[in-house]
Amino acid sequence: MKYVIIGNSTAAAGCIEGIRSIDKKGKITVVSKEPCHIYSRPLISYYLNGKTDLDKMKYRPDNFYETNNAELLSGCEAQKIDTEKKSVILGSGKKIPYDKLLIATGSDPFIPPIKGIDSIENKFTFMSLSDAKALDEKIESSSRVLIVGAGLIGLKCAEGIFGRAAGITIVDLAPRIMPNVLDTDSANMVQSYLEKKGLSFILSATVQEFTANSALLSNGETVEFDIAVIAVGVRPNTKLLCDIGCDAKRGIHTDQRLETEINDIYAAGDCTVSFDVSSGGEKILALMPNAYLQGETAGKNMAGGQAVYANAIPMNATKLLGLPIVTAGSYEGDEYTVTGENQYKKLVTKDNYFKGYILIGDIARAGIYTSLIMERTPLDTIDFELIKEKPQLMAFSKTQRQQKLGGLKNV
Amino acid sequence: MKRIYVNEKWCLGCHLCEYHCAFANSGKDNMAKALKDVVINPRIQIEKVNNISFAVSCRHCDNPLCVKACIAGALTIKDGVISIDQDKCVGCYTCIMICPYGAVMPSETGVAQKCELCSQNSLGSPACVSGCPNGAIVFEDRG
């Protein structure tokens, strides 16, 4: 069996490990645009602030490909898929035949067509190690930095360069920060925490026009900068599939086995669309846990297994300048909220199910909440009053506790 | 493989397992010195409501979500034991977000910590088990 994986990040690692849990022998070839060993993309902000380094940010050990008997073709771009001959054609013209193929091409930063954007003197995006290295080289203690986009990528970038620049201003068209992750109250809390640390925000504003070193905003303000980071969002890399006739411009659709509409072609990670069981809707869940679990499921199925991944939900865990933030699920339903100084807890339930939560500050044991959402545990089977107080296994029945902790087998 | 199992019928809720855990992972050789005036942050934690109590620590799952979700590749499973490379960990708490047992927690340094069955410290076998005065925590191979 010949396996080919296009992409060399989280989903690829999941796929390799998934394949090898079933098939120890088949040939695995990984085609990677980036010229390096597999590394963790979200760690690029920690690379900038010195909390990790090039060695520690490797997502798998140096002997990863060797141990898994996989061949890495790094610095190679897959140009085309020939579905008739079942081969991947590289930029060099070389053809790599496959029996099973995984598309794990991730996403690229979206650069909005703003007037003058090409005239910015020092313009960066913040997705890859090369982005981080370029920013690392350019930034000086006198640099005034403008970040366009107050989502996770923009804010993690701000954290990465915090203390290394003269000032950091973050602009977003949304009225609150992290609009996809937080609600209004928690966003305000985090924003005020970050402002006290020294970050500046201009919200509900877009950039109308750039010059080499300034941005004219829709609210009339002008922001002068030495460095601009564009972090307004990402677009899934789906060209390979679009080119062979798939309707995948907004993300690749797969079944629960992670196979696409084309036989023997699977897809996983940020380039795919997931079904969010917490909201019942389809969306791109560009999250590392999701990418790994999709990749692993795809890998098992590529190797002849019968695996399904059917409980994807949005989830995010991060710290911003020391403040822990953990969220999961969706926020439509009945709310239960507790707030305090840099503390926020919102639990959302609907129709006897736990739907989502936002925890800031005290994030202890949040996974108990996450699991209730992912497993769609009916709330009348647990003591929800205890769950409201804090995440605890005491909320489960005695039999369930014995199954979880006492070695009682599930019947 | 051998795992830690708890029997809540026998748990006194005395928290001694927590103290033995904190001591075992303190790197010190004297329990009194290691724990005196210290707010302990053990890797095993007692849950107690009314007269029911039990200890919770890492289950060392066969299908470990924490290992799969870790963004840094800092959590690994080897011979069934899940351990964390605290040097690689950046303290994002994705593992805390995903562990269905609530058995991973922040350490004093801000990175994550978890039960490693005392395989990485000088004891070599779980201190909570030998330290439980009522046999409520056992370390057994139940398949």
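The values are calculated or read from the model by the stated rules, or taken from the named source; none is laboratory data. Because the structure is predicted, anything quoted here is derived from the model rather than measured. For neighbour counting, all protein chains shown are included, and Cβ atoms are generated from backbone atoms with ideal geometry for every residue, glycine included.
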If only one of B:73, B:124 is part of a loop (DSSP other than H, G, I, E, B), at positive phi and away from chain A (no Cβ under 12 Å), which one is it?
-> B:124
Index of the failed condition, residue B:40 passing every other in (1) more than 13 Å from chain A (Cβ to nearest Cβ); (2) over 29 Å from residue A:359 (Cβ atoms) = (2)
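So which of B:68, B:48 is over 22 Å from residue A:386 (Cβ atoms), at the interface with chain A (Cβ under 10 Å from one of its Cβ atoms) and among the basic types (Lys, Arg)? Walk me through it before giving the result.
On the way: B:48 fails: over 22 Å from residue A:386 (Cβ atoms).
None of the others qualify; the one that does is B:68.
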Within region A:396-410, can you find the residues that are at the interface with another protein chain (Cβ under 9 Å from one of its Cβ atoms) and not in a loop (DSSP other than H, G, I, E, B)?
-> A:398, A:401, A:402, A:404, A:405
Qualifying positions in region A:377-394 - within 9 Å of chain B (Cβ to nearest Cβ) and assigned to a helix (DSSP H, G or I) | A:386, A:393, A:394
Just checking, how many residues over region A:50-73 are surrounded by fewer than 15 Cβ atoms within 10 Å (Cβ to Cβ) and not acidic (Asp, Glu)?
-> 6
Please go through region A:219-243 and pick out each residue that is part of a loop (DSSP other than H, G, I, E, B) and surrounded by 14 or more Cβ atoms within 10 Å (Cβ to Cβ).
-> A:225, A:226, A:231, A:232, A:233, A:237, A:238
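Residue check: is residue B:48 more than 30 Å from residue A:42 (Cβ to Cβ) and modelled with pLDDT under 95? Full working, then the answer.
On the way: more than 30 Å from residue A:42 (Cβ to Cβ): yes; modelled with pLDDT under 95: no.
No; evaluated as a whole, the condition is false for this residue.
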Somewhere in region A:164-182, is a residue more than 24 Å from residue A:128 (Cβ to Cβ), within 21 Å of the chain's Cα centre (by Cα) and buried (at least 20 other Cβ atoms within 10 Å of the Cβ)?
-> yes
Could you tell me whether any residue of region A:237-248 is modelled with pLDDT of 95 or more and either touching a Leu at 6+ places or on another chain (Cβ under 8 Å) or among the aromatic types (Phe, Trp, Tyr) (or both)?
-> yes
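Taking the conditions exactly as written (surrounded by 24 or more Cβ atoms within 10 Å (Cβ to Cβ) and either modelled with pLDDT under 95 or closer than 18 Å to residue A:214 by Cβ (or both)), does residue A:114 satisfy them or not?
Details: surrounded by 24 or more Cβ atoms within 10 Å (Cβ to Cβ): no; either modelled with pLDDT under 95 or closer than 18 Å to residue A:214 by Cβ (or both): yes.
Spelling it out, it is not the case that residue A:114 is surrounded by 24 or more Cβ atoms within 10 Å (Cβ to Cβ) and either modelled with pLDDT under 95 or closer than 18 Å to residue A:214 by Cβ (or both).
Considering each residue of region A:89-105, count those that are in contact with a Lys or Arg (Cβ under 7 Å, 6 or more places away or on another chain) and in a strand (DSSP E or B), and give that number. Explain how you work it out, then say what you get.
In the first step, residues of region A:89-105 are kept if they are in contact with a Lys or Arg (Cβ under 7 Å, 6 or more places away or on another chain); the result is A:89, A:97-99.
Next, from what is left, pick out any that are in a strand (DSSP E or B): A:89, A:97.
The number of residues fulfilling the criteria is 2.
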Tally of residues being in a loop (DSSP other than H, G, I, E, B) and more than 7 Å from chain A (Cβ to nearest Cβ) across region B:89-103 | 2
Note: among A:207, A:229, just one is β-branched (Val, Ile, Thr), modelled with pLDDT of 95 or more and touching a helix residue (DSSP H, G or I) at 6+ places or on another chain (Cβ under 6 Å), namely A:229
Need at least 3 residues that are within 14 Å of chain B (Cβ to nearest Cβ) per element, so show me which strands (runs of 3 or more DSSP E) inside region A:331-376 make the cut, counting only ones lying wholly within it.
-> A:353-360
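Tally up the residues in region A:42-85 that are part of a loop (DSSP other than H, G, I, E, B) and of a type in the set (A, V, I, L, M, F, W, C), please. Before the answer, list the steps.
So the first thing to find is which residues in region A:42-85 are part of a loop (DSSP other than H, G, I, E, B), and the list is A:49-57, A:59-63, A:68-69, A:75-77, A:83-85.
Of the ones still in play, those that are also of a type in the set (A, V, I, L, M, F, W, C) are A:54, A:57, A:76.
Matching residues across region A:42-85 total 3.
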Take the residues in region A:302-325 that are more than 14 Å from the chain's Cα centre (by Cα) and buried (at least 24 other Cβ atoms within 10 Å of the Cβ), then tell me which one is farthest from residue A:157 (Cα to Cα).
-> A:302
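Which of the residues spanning region A:134-156 are part of a helix (DSSP H, G or I) and either modelled with pLDDT under 95 or under 21 Å from residue A:183 (Cα atoms) (or both)?
A:152, A:153, A:154, A:155, A:156 - these are the residues of region A:134-156 that are part of a helix (DSSP H, G or I) and either modelled with pLDDT under 95 or under 21 Å from residue A:183 (Cα atoms) (or both).
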Scan region B:104-121 residue by residue and report those that are surrounded by 22 or more Cβ atoms within 10 Å (Cβ to Cβ), in contact with a Gly (Cβ under 8 Å, 6 or more places away or on another chain) and either closer than 21 Å to residue A:394 by Cβ or facing another protein chain (nearest Cβ under 9 Å) (or both).
-> B:104
